[in-house]
Amino acid sequence: MSTVETDLAAAVEEAAAHLYVWALKDIPQDLRDALASAAGRETSVPGQRVLQTILRNVNVAEDEKNLVCQDTGIAVYSCRVGERFPLHPARIYESLRDGTERATLEHPLRSNAVHTITRENTGANIGYRLPIVHWEFVPDWDGLDVKCVPKGSGSENMSFLKMCVPADGVGGIKRFVLESIVGAGGKPCPPGIVGVGIGGSADYAMYLAKEAIARPVGTRNSDPIVAQLEDELYGLLNETGIGPMGLGGDVTVLQCHIEHADTHMTLNPVAVNYQCWAARRASAHISPDGTVDYDREF
Amino acid sequence: MANHEVTFPITDPAEILKLRAGDEVTVQGHIIGIRDRTQIRIFDQGVEPPMDLSGAFLLHTAPNVRKLGPGRYEKICIGTTTSARMVRFTEGLGSQFGVRAICGKGGFPDEAIEPMQRLGMVYFAIVGGAAALETTQIEEIEEVAWEELMPECLWKFRVKDFGPLTVGIDAHGNSLYREVQDRAQEKLKELYARF
């Protein structure tokens, strides 16, 4: 690698290590606001107990400089790579992996990564195809945006896919999202963010659902038809009464985000990916000269 | 919905019988951390646990720790995992080892209701994800067994004012999770009728 590439690789590694730990300790302001608003409208006694404990926990994490949740998750990164960013994605991936490993060893963080058959730990939150990286390539741009979303297993285990048929229509999509979230009950640590991916293909719908949970809380899809469905599902989900931690109450979800793709005329896939109330994410922008700006959200 | 303070391990089974689904509980004393692989070893591989579990409070956990020396660990962040994966061990924990309370997040499915009633056990719901707070309530890691299963070892923690916990399933056949699901299923029919 050239000197420029070596320096950039080090900057990306440093950013990955910082983002992983930062995301685990300091949840974003939009999420804090959503949790406070939930506590303001919850009327059930166990539900209120849960939400007050959550708010207390967020403050304790800040005061003690500790992790919000013990589940350090699997590290998922979303990268937007400009076509003129001077480090190839193959090298960006290596840096993200090295940064994840370094953060895990240096903090230290619990390592969750295991071989999927033998269940033996594979190292410091890295392994074969871990961490997971979502890529987007941006023409006419020289920057790199990196977002780290540590994904806990409690919520990831509550992922659902259904290949609805065109005749099921939008009603079929709504029904599947509702039955998935009611079925999940308290397991994914509600109230969280319901990510829904619709259209595309089976694998792409789930990919989109994961993209949806990583958006800032309460943002809306740019397509007004999809945005309307987000509003409608958000309302319906909060009528189910599942409540905080599944103990019953008014607030079952903080938000419902949908990402969509055009699809085949005979397909109507719908995927649900849940993000727990500790919806951790942290972002950075990296300039071609290696400068890192940790405050830029995308 | 009453408030209780209970010290574990318990010696008097009546301590469990006075708890009702929905009640708030704060726990003192000693609790045992346990998880998937720990219970797979006990029940599927038939290995006797090297800790006394009679009257015990079990916590579904796998903590972030720092090793200080042989068998000695310092807490970093200790939180609670989803219980439902481990429901099939409930009967054995109660009947073979005398466990009285299981604490986790997200609830136990209905199959836990009958053995908990028969054996005088409760399920405590903790707030999942609230690990920073939980860590401050764990005073010390007193003992660790089966370190080779790290982090899914058997852990003995000394706690102070551990909670607030909610009784999710009591020893009288009541489950908040069952009640919430029954109501939600009725509600779903109403919601589906709208579209």
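A few points about this structure:
- Remark: A:Ser95, A:Ser155, B:Ser95, A:Ser44 ranked as B:Ser95, A:Ser44, A:Ser95, A:Ser155, counting other beta-carbon atoms within 10 Å and listing the fewest first.
- Local electrostatic count, A:Val138, Cβ distance below 12 Å [Lys/Arg +1, Asp/Glu -1]: -3
- Phi angles of region A:41-56 translate, via the Karplus equation with coefficients 6.51, -1.76, 1.60 and θ = phi - 60°, into HN-Hα couplings of 10, 6, 10, 7, 5, x, x, 5, 4, 5, 5, 5, 5, 4, 5, 4 Hz per residue; Gly and Pro are given as x.
- Placing +1 on the Cβ of every Lys and Arg and -1 on the Cβ of every Asp and Glu, with no other charges, gives the protein assembly as shown a dipole of roughly 780 debye about its Cα centre.
- Volume per residue that the Cα convex hull of region A:217-298 spans, once the total is divided by residue count, Å³: 143 Å³
- For B:Glu152, residues with placed amide H under 5 Å, excluding near neighbours: none
- Burial ranking of peptide ranges B:71-83, A:229-241 (average Cβ count within 10 Å, highest at the top): B:71-83, A:229-241
- Of all aspartates and glutamates in the structure, the ones whose alpha carbon falls short of 13 Å from that of A:Lys162, not counting any fewer than 8 places away in one chain, are A:Glu179, A:Asp203.
- Taking every residue in A:246-257 and counting other chain Cβ atoms within 10 Å of its Cβ, the average works out to 3.
- Our coupling estimate for region B:77-93, obtained by passing each phi through the Karplus curve with A = 6.51, B = -1.76, C = 1.60 and θ = phi - 60°, is 8, 10, x, 10, 9, 5, 7, 3, 4, 10, 5, 5, 8, 4, 4, x, 4 Hz, Gly and Pro reported as x.
- Over 15 Å [Cα-Cα, region A:54-150], rounded percent: 66 percent
- Cβ-based net charge around B:Glu143, under 12 Å, with every Lys or Arg adding one and every Asp or Glu removing one: -1
- Positive-pole candidate from B:Phe195, B:Ala112, B:Val180, dipole of region B:56-195, charges at beta carbon: B:Phe195
- Summing Lys and Arg as +1 and Asp and Glu as -1 over all other residues whose Cβ lies under 11 Å from the Cβ of A:Val76 gives a net charge of +3.
- Counted over chain A, the DSSP beta bridges are approximately 65% antiparallel.
- DSSP beta bridges fully contained in region B:58-176 are about 70 percent antiparallel.
- Take each residue in A:68-75, count the other chain C-beta atoms within 10 Å of its C-beta, and the mean is 6.
- Cα centre as origin, Lys/Arg/Asp/Glu Cβ charges: region A:1-144 dipole, Debye: 600 debye
- For A:Lys65, the lysines whose Cα comes closer than 22 Å to its Cα, not counting residues fewer than 8 places off in the same chain, are A:Lys25, A:Lys147, A:Lys151, B:Lys67, B:Lys75, B:Lys160.
- Of the residues A:Ser95, A:Ala9, A:Val226, the one whose Cα sits farthest toward the positive end of the charge dipole of chain A, with +1 on the Cβ of Lys and Arg and -1 on the Cβ of Asp and Glu, is A:Val226.
- Peptide-level mean, for A:177-188, of C-beta atoms on other protein chains within 10 Å: 5
- Zone of A:Ser287's modelled label, taken as backbone nitrogen in region A:136-170 under 13 Å from a point 7 Å along Cα→Cβ: A:142-144
- For region A:110-208, GluC sites (Glu not before Pro) are listed when DSSP marks them as loop and at most 15 other Cβ atoms sit within 10 Å of their Cβ; the list is A:Glu120.
- Beta bridges assigned by DSSP with both partners in region A:48-189 are antiparallel in approximately 60 percent of cases.
- In a reduced charge model with +1 at each Lys and Arg Cβ and -1 at each Asp and Glu Cβ, region A:187-298 shows a dipole moment near 360 debye about its Cα centre.
- Our note on the geometry: Cα centres of region A:42-104 and region A:182-209, 18 Å apart.
- Calculated from backbone phi, Karplus (6.51, -1.76, 1.60) coupling profile of region A:288-295 in Hz, x at Gly/Pro: x, 8, x, 5, 10, 10, 7, 9
- Here, chain B is characterised by an Rg to Rh ratio of 1.00, where Rg is the alpha-carbon radius of gyration and Rh the Kirkwood radius.
- Amide hydrogen neighbours beyond the local backbone of B:Tyr73, cut-off 5 Å, H modeled: B:Leu68
- Region A:1-95 - Kirkwood radius from inverse mean 1/r over Cα pairs (Å): 16.2 Å
- The relative contact order of chain A, computed from alpha carbon pairs under 8 Å that lie at least 6 residues apart in sequence, is 26 percent.
- For the protein assembly as shown, projected area of the alpha-carbon convex hull averaged over all directions, nm²: 23.5 nm²
- Projecting the Cα atoms of A:Cys148, A:Pro191, A:Pro86 onto the charge dipole of chain A, computed from C-beta unit charges around the Cα centre, puts A:Pro191 farthest toward the positive end.
- Ranked packing of A:146-152, B:24-30, most packed first, by mean Cβ within 10 Å: A:146-152, B:24-30
- Semi-axes of the equivalent ellipsoid of region A:138-196 are 29, 21, 8 Å, computed as sqrt(5λ) over the eigenvalues of the C-alpha gyration tensor in descending order.
- Taking 20 Å as the straight-line reach from the Cα of B:Lys187, the lysines in range (excluding those fewer than 8 positions away in the same chain) are A:Lys174, A:Lys187.
Any read-out appearing in this document is the output of simple, stated calculations on the displayed coordinates, not a laboratory observation. Quantities reported herein were computed from a predicted structural model and do not represent experimental measurements. Glycine gets a Cβ as well: all are built from the backbone with ideal geometry, and neighbour counts include every protein chain shown.
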